[in-house]
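The structure appears below as structure tokens.
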Amino acid sequence: AALSALLLTGIGEGSGRSDVAADGGAPRRLRADVSEDAVHVCFTSDDTDLRAIAVAMQSAYDHASDPRRLRLHLVVPSQLVGMYKEVLRTILPHLPVDVRNGTQLQRHISGYSVVRGTSLARRALASPFNFAAFHLHEFLSGGSQDPVIAKRIIYLDSDVVVVGDLVELHDMNMDGHTVAAVKNCRSRMDEYINFPSLASIGFNSFDPVACVLERTIFMYDVEKWMQAKYSEQIEEWMRRYASNADELWFDGAATSPWMLTVGSDFVELGEEWRCSGLARHAMSIPESKQLRRSGWDFKAFKTLGAKFTAVGNVEPFVATCSANAKLLHFDGAMRPWLLERFESMPPACAMPAVLAGKAWKTPRVVKIFCEESVYIPCSEIWWHHLSEDMACILKDFDKEWAQDEQDWADFQVDLAIAAHEADVAAREREAAEQRTKLSRAAERARDMRRQRFRRRWGAIRDAGARSSAG
């Protein structure tokens, strides 16, 4: 009851939520969905290509122990609400998908979600929908739709396949913590955050070598989150980042303020909720070394068609974590729905145990320490949840060539700039050469004048000497 009251009376200045419609119209009746056992799973997106989000939702539904408890929510820009609703209702009519937006809240998030020009973070990460994950309870309880009151909220990136039970995850014991998330100890906080800059503004309590807190999937207790004012704290970190003379973090546009805000207030999800890199082109040298140490011999790599580069990288990327994973993250360039752009082999995944018995197109049996394991292209796992016909409907054909055409246009601009710079450089070299020639000519003229003066002075001196002698 207390949580319902908090959410329905509005959260935070500028959230754009009250009993007034998000478009500024007449007050609307608050009819809250307050189902006690509902599992609220949220996605955010401003992408007009719906293939990834459809697979993420379908896989979450397929692997839930009680899918009737699932409430799938999708937060999108207001101009895309109609399109998303129509398409998802047609393609996934069996899924309980709630498409919603909050225009004022989106505008509020846009006001602080900035990426500085020198940041390594991709500029696309400055989208308000990359930060909307920190305001999910506000989107659910407000906007132009009927409010939804959730005790806990699960957030998922859209480029995932869920092979675990989100109902079980939702019902876990959080041991009094606000957040449940995956800790990645293969990366350290100082790879993201500029700790000397933090210290310069008075923050010295953070551990630079602490593990990174992932946000591909996380769950939070709404009441505790609100009481701790985590949304506001993330906003404050973003304002410090924007105004500080030195950048407070190098990468992770949303991950860095998230880590600084949550700190140690989280219960750790198991490694099975983090199997990432499934759209990467190759493995790094340390990763390939770890694979060799775990029993992979030349025959095993050859069975997969893998090869070593001159410096020891392995192509393609090989994922062993997928065998027992509960969440598969297709981060990287070679995403399953974009594979036709690439000529190289797609990443290879150990067959997930929960999908054993499925008919795969190109399975390969690899022996590791004499034990057989089945490996398949990671993309096949993704396509297992979506038919080609459905993908064709969900694809944004207008977007197909947009990035390429922009890249080509940028390349042409780069060529023109390079040609202009080369012309300027050539002219500068020519001018420098001319200045050098003139300088040398002037030096020669000075030398000639000095020589004439010496000869004349010598002649005068000799004449005076002869006169004195006579």
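The values are calculated or read from the model by the stated rules, or taken from the named source; none is laboratory data. All values reported here derive from a predicted model rather than from experimental measurement. Quick reminder, even Gly has a Cβ in these numbers, built from the backbone with ideal geometry, and neighbours come from all protein chains shown. Each accessible area value is taken on the protein alone, full model and side chains, heavy atoms only, with ligands, DNA and RNA left out. Shrake-Rupley method; radii C 1.70, N 1.55, O 1.52, S 1.80 Å.
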How high is the relative contact order of the chain? Use alpha-carbon pairs under 8 Å, at least six apart in sequence, and give a whole percent.
14 percent
Ordering of 290-300, 219-229, 46-56 by burial proxy (mean other Cβ atoms within 10 Å per residue, highest first)
46-56, 219-229, 290-300
Between SER439 and PHE203, what length in nm is gained on full extension when 0.36 nm per residue of separation is reduced by their alpha carbon distance?
79.1 nm
Tilt of helix 81-91 relative to the longest C-alpha principal axis of the chain, in degrees (0 to 90, nearest 10)?
60 degrees
Enumerate cysteines in the chain without a disulfide-compatible partner, where compatibility requires another Cys Cβ under 4.7 angstrom.
CYS42, CYS370, CYS392
Compute the accessible area per residue over the chain, keeping the other protein chains in place, probe 1.4 Å, unit Å².
51 Å²
Specify the angular offset, from 0 to 90 degrees and rounded to the nearest 10, of the alpha carbon long axis of helix 402-469 from the longest principal axis of the alpha carbons in the chain.
20 degrees
Across all directions of projection, what mean area in square nanometres is found for the Cα convex hull of segment 210-293?
7.8 nm²
Shape category assigned to segment 196-251 from the gyration tensor of Cα positions, a/c cut at 1.5:
prolate
Packing-ranked peptide list from 260-271, 372-383, highest mean Cβ count within 10 angstrom first, is 372-383, 260-271
Scale the Cα Rg of segment 48-180 by the rule-of-thumb value 2.2 N^0.38 Å and send over the ratio, two decimals.
1.11
Please give, to one decimal in nm, the separation of the simple spin-label points placed at MET83 and ARG461, each 7 Å out from Cα toward the Cβ.
9.3 nm
Angle between the Cα long axis of helix 230-243 and the longest principal axis of the chain, 0 to 90 degrees, nearest 10?
10 degrees
Protection-proxy order for peptides 325-333, 458-466, 343-351, each taking the mean of Cβ atoms within 10 Å per residue, highest first
325-333, 343-351, 458-466
For segment 257-416, just say rounded, prolate or oblate: build the C-alpha gyration tensor, square-root its eigenvalues into a ≥ b ≥ c, call rounded for a/c under 1.5, and beyond that prolate if a/b exceeds b/c, oblate if not.
rounded
For the pair MET448 and LYS289, how long in nm is the line joining their label points, each one 7 Å along Cα→Cβ?
6.9 nm
Set of aspartates and glutamates near LYS289 by C-alpha distance (under 19 Å), chain-local residues within fewer than 8 positions excluded
ASP297, GLU315
Can you give the Kirkwood hydrodynamic radius for the chain, in Å, rounded to one decimal and based on Cα pairs?
26.2 Å
Of the listed pairs LYS183/LYS367; LYS302/LYS361; LYS85/LYS326, those with alpha carbons more than 21 Å apart are LYS183/LYS367; LYS85/LYS326
Along the charge dipole of segment 224-330, Cβ charges K/R +1 and D/E -1, which of THR303, ASN244, VAL262 sits furthest on the positive end?
THR303
Determine the dipole magnitude for the chain: charges of +1 sit on the beta-carbon of Lys and Arg, -1 on that of Asp and Glu, nothing else is charged, the reference point is the Cα centre, and the result goes in debye to the nearest 20.
3240 debye
For the chain, what proportion of DSSP beta bridges, expressed in % and rounded to the nearest 5, is antiparallel?
55 percent
Cβ-defined net charge surrounding GLY312, 12 Å radius [Lys, Arg +1; Asp, Glu -1]:
+1
